[in-house]
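A short worksheet on the structure shown next.
The values are calculated or read from the model by the stated rules, or taken from the named source; none is laboratory data. Because the structure is predicted, anything quoted here is derived from the model rather than measured. Heads up: the accessible areas ignore ligands, DNA and RNA and are worked out on the full protein's heavy atoms, side chains in. Shrake-Rupley method; radii C 1.70, N 1.55, O 1.52, S 1.80 Å.
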Amino acid sequence: MPGCREAAVEVHRPTPLAPMPSAPVVPVQPGTIPAVTSIVLPDGRVVTGYTLEPAKPEPVAAKPPVSRAAVNIALGGIGFGAVCGGLFLLTAFITALTALITQLITLAAVIFGGWVAVQVFSASGHRGGNTFNIRKAVFKRNHFHG
């Protein structure tokens, strides 16, 4: 190609490292030679191999005993939380009961006041007792004259 320059290509080759001296490998012989087992499959083939013992889990180390102080602190915290929750529920119950009683008293006052108003302002349809029409009453010098 015209106008292109050829760049010099430099090739890098890795240099091998010197082998590190290692400890000689010592073959370890098993304490006992495992037994060889042969199994005949349903199709007639025979499989031969060593029997393996199932892996046994490591024994669980005994847990250290929990100190008596730690147990007392934990139980005390649980008891404190239960008492606080109980007191909160008690105060909430008392507040709700107070509101209910207040509403019942107000309802009774409204009903009784309405009954009184009906008795006072109703026309005297029946004769008897102390029924009177308040519009016809006369007040003279702070005395009631019916």
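A count restricted to segment 81-91 and to residues that are open to solvent by 40 Å² or more (accessible area, probe 1.4 Å) and under 19 Å from the mean Cα position of the chain (by Cα) stands at 3. Residues of segment 34-73 that are of a type in the set (S, T, Y) and open to solvent by less than 80 Å² (accessible area, probe 1.4 Å): T37, S38, T51, S67.
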